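All of the numbers you see were taken from the coordinates with simple rules; none came from a lab. This structure is a prediction, so every number in the text was calculated from the model and none was measured. Positions of Cβ are generated from backbone atoms using ideal geometry, with glycine treated the same way; all protein chains shown enter the neighbour counts.
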Amino acid sequence: MIRQNKTIKNFWMIFFGVLALLAIATTTTLGIVMSDKIARMRMSQVTDENTYKISQENGYKRSLYNACDSMKNLDADLGKIAVSQDVAHQTKMLTDVVIHANAVNQNLADLPIADSDNLAACQRFVNQTQDYATYLLGKLSGGKQLSAEERMALMDLDDVASRLYDFLEGYSESDSGMFITNGNGIGNVGALSDSLNEVEQNAFTYEKLIYDGPFSESVENKKLPCKAKASHDDVQKAISELFGEARFEGEINNNGLTYIYQLEDGRVITTADGRVVQYETYREPNGELSADCDKCIEIAEEFCNKLGYDVKGVWVSKTQDFVTYVNCATVIDDVIVYPDLIKVAVDCTDGEVVGMEARAYLMNHRDWDVDFGDVSQDNAEKSLGDGLRITNVAKSLIEKDGKYLTCYEFQASMGDRQYYVYVDSHTGKEAELFKVIENTEGFTVM
């Protein structure tokens, strides 16, 4: 029997380790940025305009070189993970992938880049790579192995990283890589944007994957909102009432300020205004399986409601290591609102919640206007690819390129592969498509 407390504890240890690493990386980057800004403020007092331009140029070049170097490391680690057979090496390299992906985005953000569709695609690629690596870390911590399809997915991401690294390296070594002092003046600061737009679109092409439920990446480039910052003591009292005696442990300021509280047998993370972002506890299994799938959904919903989240179970996995993982979301008029996603882990031996994460819900939730279109289900099906066999249909609200769309959700299969196809209920055209990777086969939409 696999010991659940070790499985869960290992997962959250790695999760918090990644958070800490990101916090350190972000803090270090911010420190460099602030130092650079101070240097620029001082330099702005220099009368020699060329000296000031050189100072700015050096800052831009440093960010470009750092982005290039981080992409090179990202490329190398993705390729090595795909062929590595050692779990310890895989874990270290996946952690490095998270750090390198974060560094790429941090450094690109420091460059004078105008709006660019390919830049947005580059950022989405880096964000999904970081998210996918975090997911795989959780799987390895639970004693699982990387599947053949996951290795292929890593190879696909590696191919994209290689092409992007080649582009960044070539650009940094060219005359175009000089943002100001190449004779074109400050008006040339958009040169990288122009070059990115010349990159072939297939440089960013890679299969989209479901590894936690559709649209689980809906927290990209968003921060946890805070209505009014509360004191550590006030939040501690509220957490103690919900989960038992709690002790304030520290803060993390990464995509929004959060407080961490230590429980007797677990941890709670809250926003700075006291809403629960994450909860986990470490416990031994308590006997045989006693809670079936429907019961676990009910338990997950009740737990979320207790915390003030009005959601329903919409995405359920098979039970693994005595835990059933339930994804909950807001449901309005039978429409699943995927941006409002909450993940809940339920112990099937005693029906207790052992984990919960609500970042997507907190970042996205609002008073949704669910305007479902007039396209019929039969007409929506006509947009599906030949050979797809539909196994389930639901209605959903999804986010795509910053816009919210109401869609039919078709769960379908072709051979041994599973897909989720989203068809816009207003236009009848395909809006989004996901492939289900091997390790999540068996998930069903309720």
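Dipole size in debye (nearest 20) for the stretch 373-440 around its Cα centre, Lys and Arg Cβ +1, Asp and Glu Cβ -1? Walk me through the numbers before you get to the answer.
On the way: 8 positive and 12 negative charges, 6 e Å.
Around 20 debye, computed over the stretch 373-440.
Summing Lys and Arg as +1 and Asp and Glu as -1 over all other residues whose Cβ lies under 9 Å from the Cβ of residue 421 gives a net charge of -3. Using the Cβ of residue 271 as centre and a radius below 12 Å, the other residues enclosed give a net charge of +3, where K and R count +1 and D and E count -1.
Along the stretch 94-111 the Karplus relation, 6.51 cos²θ - 1.76 cosθ + 1.60 evaluated at θ = phi - 60°, assigns HN-Hα couplings of 5, 4, 5, 4, 4, 5, 5, 4, 4, 5, 4, 5, 4, 6, 4, 5, 8, 9 Hz to successive residues, with x for each Gly and Pro. For the stretch 377-445, build the charge dipole from Cβ charges (+1 Lys, Arg; -1 Asp, Glu) around the Cα centre, then report which of 404, 418, 394 sits farthest towards its positive end. Farthest towards the positive pole: 404. FRET efficiency for the pair residue 352 and residue 435, taken as 1/(1 + (r/R0)^6) with r the Cβ-Cβ distance and R0 = 25 Å, rounds to 0.15.
Among 356, 414, a tally of other beta-carbon atoms within 10 Å of each Cβ gives an order, fewest to most, of 414, 356.
Taking other C-beta atoms within 10 angstrom as a stand-in for reagent exposure, 232, 365, 100 fall in the order 232, 365, 100, fewest first. Annotation: the residues 99, 239, 332, sorted from fewest to most other C-beta atoms within 10 Å of their own C-beta, follow the order 332, 99, 239. A Förster radius of 30 Å, combined with the Cβ-Cβ distance separating residue 80 from residue 247, puts the computed FRET efficiency at roughly 0.15.
Database remark: amide H of residue 328 closer than 5 angstrom to the amide H of 314, 342, 343, 344 (H placed geometrically; neighbours at sequence offset of 5 or more, or on other chains; Pro and chain starts carry no H). Computed extension gain for residue 379 through residue 233, at 0.36 nm per residue and net of the alpha carbon distance, reaches 46.9 nm.
The amide H of residue 336, built 1.01 Å from its N in the peptide plane, has 395, 396, 397 as neighbours under 5 Å, considering only residues 5 or more places off or on other chains. Taken one residue at a time, the phi angles of the stretch 258-266 give Karplus couplings (6.51, -1.76, 1.60, θ = phi - 60°) of 10, 9, 10, 10, 8, 9, 4, 9, x Hz. Gly and Pro are set to x. The distance between label points at residue 240 and residue 124 comes to 4.7 nm (points 7 Å beyond Cα on the Cα→Cβ vector).
Return the long-range amide H neighbours of residue 400 (sequence gap of 5 or more, or a different chain), with a cut-off of under 5 Å between placed amide H atoms. Result for residue 400 returns 405.
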